[in-house]
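Working notes, structure below.
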Amino acid sequence: MMTLDDLTRLALRHAGTGPDCVVPGLRVRTLTAPSEPVSGIEEPAFALILQGRKRTTVGGHTFDYGPGDCLIVSLAMPAVGQVIQASAEEPYVGIALTLRPADIGGLLLEAGAGVADGDAAAMAVHAASPQLLDALGRLVSLLDQPDDVRILRPLLEREILWRLLCGPHGPLLREVGMVDSRSSRIGRAIRWLQQHYAEPVSTQQLETVSGMSASTLFRHFKEITSLSPLQYQKQIRLHEARARLAASSRDVAAVAYQVGYESPSQFTREYTRMFGRPPREDLRRGREQAA
C-alpha cells in the first residue's frame with residue numbers, strides 16, 4: 001500500500017503538472033518558498049497536501065492544513081490561498097483532482113442508501129485515510145503509464161470518490177452529486193451570480209434558477225457558503241477586479257465601474273478591507289510586472 005512518503009516522491013517527479021496532462025483533471029503543484037496570498041475562485045475539487053502547509057480563507061473561515069490533509073471544495077467559492085510552509089530543502093507539494101457532479105451522482109445511484117446523510121458545507125478539511133492515499137498514488141502513477149490512462153483512470157477516480165464518500169465529509173460530496181439537493185440548488189444560484197456579478201442582485205431571478213423561495217434560498221446559501229448572496233456577489237466582484245488590475249493598464253475607477261461599483265471610493269474601501277492593500281497598489285504591481 002502506498003504511503004504519504006511514497007506519494008510525495010512520486011508527485012515530486014511530476015512537479016508542475018497541470019489540468020491538461022495525460023491524466024485529465026489531475027494537477028501537481030510544488031513551491032520552494034512560501035507564497036503571497038493569491039485570490040481566486042475555487043472550483044469544485046479535491047486536494048491533498050503531501051508536504052508543507054497551506055492556508056485558505058473562504059466565506060470568513062480560515063483553514064490551515066498540512067501533510068496528509070484533504071481539502072474538499074463542493075461549490076465555486078471566492079477564496080484566498082497561501083502556501084505558508086515551503087523551502088528548497090523541503091518544498092511544498094500538493095495534488096488536486098477536479099470533481100464532476102455527474103460522476104458523483106452516478107456512484108451514488110449504485111451506492112443506494114449506503115452513504116449517511118449529514119450537514120453540507122462548501123469547503124471542508126480532514127485527514128486522508130490509508131486507502132485513499134493508496135488510490136491516489138495509483139492515479140498519480142498513471143503519469144508514468146500514459147497507455148493505461150484511458151482504461152484505468154475512470155476506475156481509479158471512482159475508487160477515490162468512493163473513499164471520499166465513505167469518509168468524514170461524505171455528506172458534503174453526496175450533496176454535490178444529488179440533482180435536487182440543497183447544494184445543487186445553491187450551485188445554480190451561484191452560477192447565476194458568477195455570470196451576472198456586475199448587475200444588481202435579482203431575488204426573483206435567484207428564486208427562479210434555484211427553485212427555492214427567497215427565505216429558504218437565503219438561509220441555505222448562508223449555511224453552505226457562510227455568505228449571503230449579496231456578500232458572495234461582492235467577493236466575486238472584488239476577485240474579478242483584482243484580476244483585471246493585474247492584467248490591465250486601466251485606472252482604478254474604470255475597473256470599479258466594470259465590475260459593478262457605482263462609487264470608486266466604496267470600491268477602494270471594500271477592496272482594501274478584503275485584500276489588505278488598496279487597489280492602486282495592485283495596479284502598480286501589475287504594471288511593473290508587465291514592464
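None of the figures in this text is laboratory data; all of them are computed from the coordinates on show. Quick caveat, the model's predicted, so the values are computed rather than measured. Here the Cβ is made from the backbone with ideal geometry for all residues, glycine too, and neighbour counts use every protein chain on show.
Only counting other Cβ atoms within 10 Å, I'd like Ile160, Ile186, Ile49 sorted with the fewest neighbours first.
Fewest to most other Cβ atoms nearby, the residues stand as Ile160, Ile49, Ile186.
Once you treat every alpha carbon in the stretch 179-291 as an equal point and sum by Debye, what is log10 I(q)/I(0) at q = 0.11, 0.18 Å⁻¹?
Log10 I(q)/I(0), no solvent term: -0.41, -0.86.
Compute the length gained on full extension between Thr3 and Arg273: take 0.36 nm times their separation in residues and subtract their Cα-Cα distance, giving the result in nm to one decimal. Walk me through the numbers before you get to the answer.
Values: separation 270, 0.36 × 270 = 97.20 nm, distance 4.19 nm.
The span from Thr3 to Arg273 would gain 93.0 nm if fully extended.
Quick one: compute a quarter of the convex hull surface over the Cα atoms of the stretch 49-164 and quote it in nm². Intermediate values should be presented prior to the final figure.
On the way: hull surface 34.7 nm².
Projected area, direction-averaged: 8.7 nm².
Along the Cα-to-Cβ line of Thr32, 7 Å from the Cα, sits a label point; which residues in the stretch 74-90 have backbone N less than 19 Å from it?
Hits in the stretch 74-90 for Thr32 at 19 Å: 83-90.
Please list, by residue number, every one of the trypsin sites (Lys or Arg not before Pro) in the stretch 1-92 that is coil in DSSP and has at most 15 other beta-carbon atoms within 10 Å. It would help to have the intermediate numbers written out before the result.
Values: sites: Arg9, Arg13, Arg27, Arg29, Arg53, Lys54, Arg55; in loops: Arg13.
Those satisfying the criteria are Arg13.
Among Leu48, Leu283, rank each residue by its count of other Cβ atoms within 10 Å, from fewest to most, as a rough exposure measure. Can you show the working numbers first?
Details: Leu48 24, Leu283 20.
Starting with the residue having the fewest Cβ neighbours, the order is Leu283, Leu48.
Would you kindly calculate the mean projected area, averaged across all directions, of the convex hull enclosing the Cα atoms of the chain, in square nanometres?
Values: hull surface 64.6 nm².
Value for the chain: 16.2 nm².
So how do His239, His126 line up by other beta-carbon neighbours within 10 Å, fewest first? Please report the intermediate quantities before stating the final value.
Working: His239 20, His126 17.
Lowest to highest Cβ neighbour count: His126, His239.
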